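S.K.: Below is a structure I'd like to ask you about.
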Amino acid sequence: MSYFLHIDKSAAKTIKSLDRTTINRILRRLKELLQDPLDPRLSDPVEMSEEGERKSRVGNWRIFYEIDDDARTVNVTAVRPRGRAYRKF
């Protein structure tokens, strides 16, 4: 059973600013995550962060998200380039 997708405003703004190829790669990964957001081939837990936060690598970009199993929702909280990705954490 697949999940629903929610993208925070700042993450959506970042995605819209990217080139078409990168946007398509990120959207493809999001579709995969909606099928199984805990698949270890697609994502890892974020170390030294709040419980439940995960990340997925798409080239030089990182997608940060949380899973709400009760609502069957994947909430994308940030999309960042690798160099800046971990400064918040």
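S.K.: Which count do you get for residues in the range 26-65 that are closer than 14 Å to Arg82 by Cβ and not aliphatic (A, V, I, L, M)?
M.R.: 9
Residues checked against (1) in contact with a helix residue (DSSP H, G or I) (Cβ under 9 Å, 6 or more places away or on another chain); (2) without any contact (Cβ under 8 Å) to a residue 24 or more places away in the chain:
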| site | (1), (2) |
| --- | --- |
| Ile7 | yes, no |
| Ala11 | no, no |
| Pro40 | no, yes |
| Pro45 | no, yes |
| Asp68 | no, yes |
| Gly83 | no, yes |
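S.K.: Those residues that are touching a Phe, Trp or Tyr at 6+ places or on another chain (Cβ under 7 Å) and either exposed (fewer than 11 other Cβ atoms within 10 Å of the Cβ) or not charged (D, E, K, R) (or both), I need them from the range 34-66; list them, please.
M.R.: Leu34, Pro37, Val46, Met48, Ser49
Every read-out reported here was derived from the displayed coordinates using simple, explicitly stated rules and does not represent laboratory data. None of the values given here were measured: they were computed from a predicted structure. Backbone-built Cβ (ideal geometry, glycine too); neighbour counts: all protein chains shown.
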